Amino acid sequence: MYYDFSVPVPKEKGKILFKKKGNSSYVLYEYEREYKKDKQYVIPKRSIIGKLLSDNSERMFPNE
């Protein structure tokens, strides 16, 4: 559930990602990376922190 007010998208370099699904775009925060040594690849741990406004890409509706 998203709140009914908007906030600016955080400006942390390398930690904020955007994912488009249908007509909406979501803001994700990457909080950890786990390296699998036996398979030699990284698994990113991400969480959705908000939903972008349709008319302004610098603001979002925050998640609980």
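Here the Karplus relation 6.51 cos²θ - 1.76 cosθ + 1.60, evaluated at θ = phi - 60°, turns the backbone of the stretch 2-9 into coupling constants of 10, 6, 9, 10, 10, 10, x, 5 Hz, with x for every Gly and Pro. The phi torsions of the stretch 54-64, fed into the Karplus equation with coefficients 6.51, -1.76 and 1.60 and a -60° offset, translate into couplings of 6, 9, 9, 7, 9, 10, 9, 8, x, 7, 4 Hz, rounded to whole numbers, with Gly and Pro shown as x. Each Lys and Arg contributes +1 and each Asp and Glu -1, all at the Cβ; summed about the Cα centre of the chain, the dipole is approximately 380 debye. Sorted fewest first by neighbouring Cβ atoms within 10 angstrom, 30, 58, 64 come out as 64, 58, 30.
A simple spin-label model places the labels of residue 17 and residue 33 1.1 nm from each other, with each point 7 Å out along Cα-to-Cβ. Neighbour counting of Cβ atoms within 10 Å sorts the residues 18, 5, 61, fewest neighbours leading, into 5, 18, 61.
Applying a DSSP loop filter and a limit of 16 other Cβ atoms within 10 Å to the trypsin sites (Lys or Arg not before Pro) in the chain leaves 11, 13, 15, 37, 39. The slack between residue 43 and residue 59, meaning 0.36 nm per residue of separation minus the straight C-alpha distance, is 3.0 nm.
Every read-out reported here was derived from the displayed coordinates using simple, explicitly stated rules and does not represent laboratory data. Bear in mind the structure is a predicted one, so any value in this text is a computation, not a measurement. Here Cβ is always computed from backbone atoms with ideal geometry, including for glycine, and neighbour counts include all displayed protein chains.
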